[in-house]
Amino acid sequence: MSHPLNMTVNNIQGDSVDLSAYQGKTTLIVNVASKCGLTPQYEGLEGLYKKYNEQGLEILGFPANDFAGQEPGSNEDIQQFCSLTYDVTFPMFSKIVVTGEDKHPLYKGLIAAAPVTPNREAMVTMLAGHKIEATKAPEVVWNFEKFLITKEGKVERFSPDVAPENEALVSAIKADL
């Protein structure tokens, strides 16, 4: 299987970016949204980025409007929101689709490499409590699901309700740095 970062995508400004530049680095990929209950995770993600970027951590944000229409804005709107609300400095990319038939090749590769969302049932139950039907496994279950790609290209998956400061996530990042 080829490396999950072996492709080109557009950043939030619309410029082409070769993700293979991130190969060999500890890279956290997160599907993000501006109008989600988990949106405050931007603050924790930025904190992780500021703390570990110089040691080699990269965080890549991929806005997606796949879940309850919680990312309705344009790339410009999203960029402005992230900058003004959370002072996001980690790289943000153009809005993509992360579930279903039209899912972006990046997410096809990530899901194939790590098909199980740990503790998925808790997220499904939480969503059901909000009258939201979750996606079917192995799809991304919700906004802010996290994929950690190690320097060697191995992929580890974290549930959306795993906060950026969660010990399991931080430990996995630190172990790879």
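Coordinate-derived values only; no laboratory data. Predicted, not measured: the structure shown is a model, and the values here were computed from it. Every residue, glycine as well, gets a Cβ built from its backbone with ideal geometry; the counts of neighbours run over all protein chains shown.
Structure notes:
- Calculated on the Cα set of the chain, radius of gyration then Dmax: 14.9, 42 Å.
- Label separation (D15 vs A128): 4.7 nm, computed from points 7 Å beyond Cα along the C-beta direction.
- The range 15-36 versus the range 99-176: alpha-carbon centroid distance in Å: 14 Å
- Qualifying lysines (Cα of each under 21 Å from Cα of K95; at least 8 residues distant if same chain): K35, K103, K108, K146
- Label-point separation in nm, K35 to K154, each point 7 Å along Cα→Cβ: 4.0 nm
- Coil-residue chymotrypsin sites (Phe, Trp or Tyr not before Pro) of the range 9-85, DSSP, other Cβ within 10 Å capped at 13: none
- 10 Å Cβ shell holding at most 11 others, DSSP loop, GluC sites (Glu not before Pro): longest site-free stretch of the chain: 1-100
- At most 10 other Cβ within 10 Å, DSSP loop - trypsin sites (Lys or Arg not before Pro), the range 102-157: K131, K136
- Inter-label distance, nm, simple model (7 Å from Cα along the C-beta direction), K25/L84: 2.8 nm
- Report summary: the helix-based calculation at 222 nm, which adds -39500 (n - 2.57) for every DSSP H run with n ≥ 4 and divides by the residues of the chain, gives -9000 deg cm²/dmol.
- From the C-alpha gyration tensor of the range 77-127, square roots of 5λ in Å: 25, 17, 11
- Rh by Kirkwood over Cα pairs, then Stokes-Einstein D for the range 98-177 at 1.306 mPa s and 10 °C, µm²/s: 119 µm²/s
- Shape call, the range 28-110: gyration tensor on alpha carbons, a/c limit 1.5: oblate
- Look at the alpha carbon pairs under 8 Å that are at least 6 residues apart: their mean separation over the length of the chain gives a relative contact order of 28 percent.
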